[in-house]
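These notes concern the structure reproduced below.
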Amino acid sequence: MSSANKPTAPYKKIVVVGSSGALASYFINAFKQAGNEFQVTLLARPQSVNKLKQQVSNLPQFKIRPVDYNNETELTEALRNQEVLLSLLANEGLAQQPNIIRAAQKAQVKWIIPSEYGSDISRPALRKVSFFADKVKTRELLESNKQIPYTYILTGIFADTYISPLYKWNLNTRNVVIPGDGNSKSSFTPRQDIAAYTLAILRRLDQYRNASVRIASHTLTPNEWVRQVERASGSKFKVQYENAEQLKEQIQKRKVKSNYDYSQIQDELALALAEGESLISWGNNRLDSDKLPEVRPTPLDQIIIDSLEN
């Protein structure tokens, strides 16, 4: 889709929280490519400001504002006169999201896109997952207050991080542990596509008031991933299958001090894959990706090649 045919975004002033996280660089690149279409304010802790300056140096569409996320007065002032709050917070940072949303309400921000960018946590099984707890609290706040419209962006698993130790791939030994029988389909989207899709959604935000947008670059099973990786790498992988019931027992028995314990996250992600809970186009829910034609999903082969090289 040419720039002339893209919808005109209803809101231009975007304030980003989580500007130094795992997603941020992809979003900054997407906003760079959009030119002057949006005015982007990057909120950042003081220690992150210099790094951000290097990324957006001399680009007039960006502003950087240092902020203490624990200071509600300062945060409210930083959000004033902004139109869309775009959260890229992750992991432990998600605990701050309710406070940021309350500050956005005081500042009269017009729309909120909380940090989702993953599985559909409206699924009953996923609402019980420990590392989704902070996202669930954010949803409860937004849905009970209804002061500001919101949009959830659901993307499935980060495709560009799937071939990694987190998902029990060992590229050095050519081993992979597959949860369940490996035949349940899941949704996958690389982070650069997530950023591109999000800008496309910003151009159509009024269509997604208080709603979920479901986007996926690829839908496939873990077994299909193995075949694709073997083809791209030219080498065979030794596959070990992990029993889903044993995963459940490990999760229940493990004593953790944090919702973000690595081993617990690893097993909870594996169980979601085994049981097909990472598929966002479930039940009567359909993907919205084809409604955003300016985005061309990154080919799976390219995602795999990049993962193998990195």
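The values are calculated or read from the model by the stated rules, or taken from the named source; none is laboratory data. Source: prediction; values computed, not measured. Please note: Cβ atoms are built from the backbone with ideal geometry, for glycine as well, and neighbour counts cover all protein chains shown.
General remarks:
- Among the residues here, SER184 does not qualify as outside any strand (DSSP E or B), under 12 Å from the mean Cα position of the chain (by Cα), within 23 Å of ASN285 (Cβ to Cβ) and at pLDDT 95 or above.
- Checked across the stretch 264-272, the condition of being more than 18 Å from the chain's Cα centre (by Cα), polar (S, T, N, Q) and exposed (fewer than 14 other Cβ atoms within 10 Å of the Cβ) holds for no residue.
- Set GLN228, GLN302: member being touching a helix residue (DSSP H, G or I) at 6+ places or on another chain (Cβ under 9 Å), farther than 30 Å from ILE112 by Cα and polar (S, T, N, Q): GLN228
- Residue-level check: of (1) polar (S, T, N, Q); (2) surrounded by 17 or more Cβ atoms within 10 Å (Cβ to Cβ); (3) under 30 Å from VAL295 (Cα atoms), ASN58 misses just (2).
- Subset of the stretch 137-152 (residues that are part of a helix (DSSP H, G or I) and closer than 11 Å to SER115 by Cα): THR138, ARG139
- Criterion applied to ALA200, ALA159 was being buried (at least 21 other Cβ atoms within 10 Å of the Cβ), within 30 Å of GLN240 (Cβ to Cβ) and modelled with pLDDT of 95 or more, and the one residue passing it is ALA159.
- Only residues that are crowded, with 18+ Cβ neighbours inside 10 Å and either under 19 Å from the mean Cα position of the chain (by Cα) or part of a helix (DSSP H, G or I) (or both) were counted across the stretch 1-19, and they come to 6.
- Residue list for the stretch 203-228, filter: surrounded by 22 or more Cβ atoms within 10 Å (Cβ to Cβ), among the aliphatic types (A, V, I, L, M) and within 19 Å of LEU269 (Cβ to Cβ): ALA216
- Within the stretch 1-31, considering residues that are touching a strand residue (DSSP E or B) at 6+ places or on another chain (Cβ under 7 Å) and modelled with pLDDT under 95, the one nearest to GLY118 (Cα to Cα): GLY18
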